[in-house]
Amino acid sequence: MTTRGSRITGWGTALPDRVVTNADFEARLDTSDSWITERTGIKERRFGGTTASLAAEAGKKALECAGLLAQDIELLILSTTTPDLTTPATSSVVQDILGTGGGAFDLNAACAGFVYAMVAGGGMVKMGANRVLVIGSDTLSKITDQDDRATAVLFGDGAGAIVLEADPIEDKILSYDLGVDGSAMPILYCNHGGYLTMEGREVFKKAVRVMVESSKNVLESAKLTVDDIALVVPHQANLRIIEAANQRLGVPMDKTAIVLDKTGNTSSASIPLALSDAADSGRLKDGDNVLFCGFGAGMTWSSAIVRWSRS
Ligand code: UT7
């Protein structure tokens, strides 16, 4: 039986030039490289750019990787929590920079947003779209209080993108699981014009729980076990969260894509940044099952299993 669906045919990333190290925070806040490294795994992050400029750079590279022109794109979905303007959507600015065809919209599901956007893009392919550009881009430095050690050290700016193209034979998005628990909103939020407010320990506990449950859900829907997964690409918030979820799921760390030591938590960008790093370093081959898993403010979560297949 054939099932029209999508596959990932291109990817790309963008990071601002300015590197902010743990030593930079140590120099001006009551914190230390050892605290940040031990509690989070983060060593440095990047600050700068706009959500649109980073998104456009990542999107352009993903198009080049897929061998497509911008006008070939029939839909652009931009996942972001940090739009440059209230209106229009930042995706409009990105569309203008790149010259993509078709429609464009922003999607906000916080740090779970990229997988939400990929699943939404996959749904549009099932409805007939042939080529969808999915971008995750965030500039969290602009909504983080740089004098608050509890949050300042965690977040960074960046973007990552993938191209989804129609696969007439088999949907390579094997399964997905999207969820939200709006009652958990008070543990992580940002008011208009304000800074991110977070109860770190609560977010940590809930994050591990939803990552494990959501990953189990997608494994079950795809009729796979954890041993069938070649690579896990988790949201890059905290190495200890990833380790705790992996331990409960039985996933070894060497089967996990990690970039947070160099990027910090980049929200919507974190999963495509980690995916691109793994793909660029030859860690993926056709036929590999990749488990994506995100969580974020809302509280939202999102998982998907994608069979890697560029051809
Ligand atoms: O994308 C989703 C967004 N957010 C997250 O995923 C964050 C989830 N949470 C976490 O990653 C962790 O909870 C944190 C990294 C935020 C904090 O680590 P923790 O091990 O949960 O530490 P804690 O909040 O329990 O704080 C322990 C201590 C506190 O001091 P006292 O009360 O024990 O004296 C904090 O004030 O560490 C202190 N602290 C710091 N010390 C040095 C908090 N931030 C810092 C800091 N440097 N930057």
Would you check if Phe114 is modelled with pLDDT of 95 or more, assigned by TED's automatic domain parsing to the domain that holds Ile77 and either under 14 Å from the mean Cα position of the chain (by Cα) or closer than 9 Å to Ser79 by Cβ (or both)?
yes
Any idea which of Thr81, Thr2 is within 24 Å of Tyr116 (Cα to Cα) and either surrounded by fewer than 23 Cβ atoms within 10 Å (Cβ to Cβ) or within 16 Å of the ligand (Cβ to nearest atom) (or both)?
Thr81
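Right, Ala279: small (Gly, Ala, Ser) and either touching an Asp or Glu at 6+ places or on another chain (Cβ under 9 Å) or within 29 Å of Trp35 (Cα to Cα) (or both) or not? Before you say what the answer is, go through the steps one by one.
Working: small (Gly, Ala, Ser): yes; either touching an Asp or Glu at 6+ places or on another chain (Cβ under 9 Å) or within 29 Å of Trp35 (Cα to Cα) (or both): no.
In short, no.
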For strands (runs of 3 or more DSSP E) lying entirely in region 147-237, having 2 or more residues that are more than 19 Å from Asn289 (Cβ to Cβ), of a type in the set (A, V, I, L, M, F, W, C) and in the same structural domain as Thr86 (by TED's automatic domain parsing) picks out 157-167
Given the condition part of a loop (DSSP other than H, G, I, E, B) and within 22 Å of Ala66 (Cβ to Cβ), answer yes or no: does some residue in region 295-307 qualify?
no
Out of all the residues in region 276-307, which are more than 16 Å from the ligand (Cβ to nearest atom) and β-branched (Val, Ile, Thr)?
Val290, Ile305, Val306
Residues of region 119-142 classified as assigned to a helix (DSSP H, G or I) and either within 12 Å of the ligand (Cβ to nearest atom) or not assigned by TED's automatic domain parsing to the domain that holds Leu15 (or both), total:
1
From the list Leu29, Leu76, exactly one residue is closer than 30 Å to Gly200 by Cβ and either within 16 Å of the ligand (Cβ to nearest atom) or buried (at least 21 other Cβ atoms within 10 Å of the Cβ) (or both). Which is it?
Leu29
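Say whether the condition of being β-branched (Val, Ile, Thr), outside the structural domain of Thr300 (by TED's automatic domain parsing), closer than 17 Å to Ala14 by Cα and in contact with a Gly (Cβ under 8 Å, 6 or more places away or on another chain) is met by at least one residue in region 97-109.
Residues of region 97-109 that are β-branched (Val, Ile, Thr), as a first pass: 97, 100.
Filter once more, so that each one left must be outside the structural domain of Thr300 (by TED's automatic domain parsing): 97, 100.
Restricting the remaining residues to those that are closer than 17 Å to Ala14 by Cα gives 97.
Those left that are additionally in contact with a Gly (Cβ under 8 Å, 6 or more places away or on another chain): none.
No, region 97-109 contains no residue that is β-branched (Val, Ile, Thr), outside the structural domain of Thr300 (by TED's automatic domain parsing), closer than 17 Å to Ala14 by Cα and in contact with a Gly (Cβ under 8 Å, 6 or more places away or on another chain).
Quick grid of which residues meet (1) within 25 Å of Glu44 (Cβ to Cβ); (2) buried (at least 21 other Cβ atoms within 10 Å of the Cβ):
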residue	(1), (2)
Lys205	no, no
Ser214	no, yes
Thr225	no, no
Val232	yes, yes
Ile241	yes, yes
Asp254	yes, no
Asp261	yes, no
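Any idea which of Asp254, Asp261 is more than 13 Å from the ligand (Cβ to nearest atom), under 30 Å from Val19 (Cβ atoms), in contact (Cβ under 8 Å) with a residue 60 or more places away in the chain and among the acidic types (Asp, Glu)?
Of the residues listed, the single one that is more than 13 Å from the ligand (Cβ to nearest atom), under 30 Å from Val19 (Cβ atoms), in contact (Cβ under 8 Å) with a residue 60 or more places away in the chain and among the acidic types (Asp, Glu) is Asp261.
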I need the full set of residues from region 238-251 which are within 14 Å of the ligand (Cβ to nearest atom) and either in a helix (DSSP H, G or I) or of a type in the set (Asp, Glu) (or both), in order please.
Leu239, Arg240, Ile241, Ile242, Glu243, Ala244, Ala245
Got a sec? Which of Asp171, Asp157 is under 18 Å from Asn265 (Cβ atoms) and touching a Lys or Arg at 6+ places or on another chain (Cβ under 9 Å)?
Asp157
Here's a check for you: in region 212-237, which residue that is under 17 Å from Ser268 (Cβ atoms) and aliphatic (A, V, I, L, M) is nearest to the ligand (Cβ to nearest atom)?
Ala237
What number of residues in region 89-106 are in contact with a Leu (Cβ under 9 Å, 6 or more places away or on another chain) and charged (D, E, K, R)?
1
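The values are calculated or read from the model by the stated rules, or taken from the named source; none is laboratory data. Every value quoted in this text rests on a predicted model; they were computed, and no experiment measured them. Using ideal geometry, Cβ is built from the backbone for each residue, glycine included, and neighbour counts are taken over all protein chains shown.
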